[in-house]
1. Do we have residue 34 as surrounded by 16 or more Cβ atoms within 10 Å (Cβ to Cβ), touching a His at 6+ places or on another chain (Cβ under 8 Å), of a type outside the set (Ser, Thr, Tyr) and in contact (Cβ under 8 Å) with a residue 24 or more places away in the chain here?
2. When you look at residue 65, is it at pLDDT below 85 and of a type outside the set (A, V, I, L, M), yes or no?
3. So residue 128 fits all but one of (1) modelled with pLDDT of 90 or more; (2) in contact with a Phe, Trp or Tyr (Cβ under 9 Å, 6 or more places away or on another chain); what number is the exception?
4. Do you know which of the residues in segment 99-113 that are over 14 Å from residue 68 (Cα atoms) and either touching a helix residue (DSSP H, G or I) at 6+ places or on another chain (Cβ under 6 Å) or not aromatic (Phe, Trp, Tyr) (or both) is surrounded by the most Cβ atoms within 10 Å (Cβ to Cβ)?
5. Here's a check for you: in segment 78-98, which residue that is of a type outside the set (Asp, Glu) and out of contact with any Phe, Trp or Tyr (no Cβ under 7 Å at 6 or more places or on another chain) is modelled with the highest pLDDT?
6. List, please: which pairs have Cβ atoms under 7 Å, are six or more places apart or on different chains, and start with a residue in segment 159-176 that is within 19 Å of residue 118 (Cβ to Cβ) and in the same structural domain as residue 91 (by TED's automatic domain parsing) and end with one that is crowded, with 18+ Cβ neighbours inside 10 Å and of a type in the set (S, T, N, Q)?
7. If you scan segment 2-48, which residues turn out to be at pLDDT below 75 and among the β-branched types (Val, Ile, Thr)?
Amino acid sequence: MNIKIIILSVIFIFVGLFISQSLFIVDETEQVVITQFGRPVRSAITSPGINFKVPFIQTTHFFDKRFLEWDGDPNQVPTKDKKYIFVDTYARWQISDPLQFFKRLKNERNAQSRLDDILDGETRDFIANHELEEAVRSTNRTPIVADTLIDTKEELHKISTGREKIQEMIQESANEQAKDLGIEILDFRFKRINYISEVRKQVYERMKSERFRIADKFKSEGFGEASRINGEKEKELKKIQSEAFRMAEEIKGKADAKAAAIYTQAYNQSKSSRELYQFMKSMETFQETFDQETSVILSTESELYQYLNRY
């Protein structure tokens with residue numbers, strides 16, 4: 001009885017081990033290459049599901065089907081115009097042919113190392129064949145400061161290729177080199193481009209100097225506009241004052257003429273009226289000229305003396 005149980009247990013264990021070594025499950029995010037004694041024996045399995053292999057003889061190699069990340073190390077690269085910059089890049093890639101990938105690279109670690117050589121080399125070559133402005137800018141835009149704020153003829157350097165196009169050329173050239181590796185580079189981008197530390201300070205100083213120059217131009221234009229406004233204000237003020245003085249003199253002249261006409265009319269009405277008018281004017285003269293402490297010497301022929309003597 002014990003012998004039968006032992007035999008059945010051994011059989012069950014052997015069957016279980018046989019099944020476990022024969023069956024394998026491919027997930028939707030995976031693709032599998034089956035090898036026998038280190039060599040691929042059939043096409044890669046890319047569809048999810050349950051699959052079979054010869055146990056103990058054949059081996060399964062699982063590879064990721066999803067998009068994979070490549071992050072390059074920042075490198076110091078000279079541009080065509082001899083400016084040394086740090087270029088930091090990244091890319092997204094995918095195993096497009098798992099069988100070819102296994103034959104050439106074996107695993108993702110080797111693939112990452114191979115991508116380092118390809119993408120870093122292509123980045124260095126294309127940056128060295130273009131000027132700095134080509135790697136930084138993508139369009140021939142017109143600067144806002146030069147266009148609307150400051151009247152200047154300075155323009156940005158005209159670019160013919162641009163950052164986007166350089167990235168596309170690097171990706172295309174890298175895919176040409178990687179096409180027999182079973183991988184495809186789906187996207188390539190510059191993460192960051194910056195000057196090396198030796199020249200960064202000089203660049204910042206130049207940028208500050210340019211901003212100070214723009215600020216001084218603003219101040220100069222502001223002072224000029226303020227002077228023009230003040231000049232216009234003074235001119236307008238003098239014009240208003242001159243016009244007001246002219247109008248006041250005209251009014252005074254008209255009033256004097258009207259008063260003289262009234263005086264003349266009153267003077268010409270009768271002798272008594274003329275005498276009254278002369279008397280009143282003489283009295284006004286007395287009131288405006290003399291006070292209680294004033295002493296005056298009058299001639300007997302004076303009209304004032306005659307009025308005083310008469311009345």
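1. Yes: the conditions hold for residue 34.
2. no
3. Against the list (1) modelled with pLDDT of 90 or more; (2) in contact with a Phe, Trp or Tyr (Cβ under 9 Å, 6 or more places away or on another chain), residue 128 comes up short only on (2).
4. Here the answer is 105.
5. 96
6. Listed pairs, sorted by first residue: 170/123.
7. Hits for segment 2-48 are 5, 6, 7, 10, 11, 13, 15, 19.
The values are calculated or read from the model by the stated rules, or taken from the named source; none is laboratory data. Keep in mind the model is a prediction, meaning the values are calculated, not measured. Using ideal geometry, Cβ is built from the backbone for each residue, glycine included, and neighbour counts are taken over all protein chains shown.
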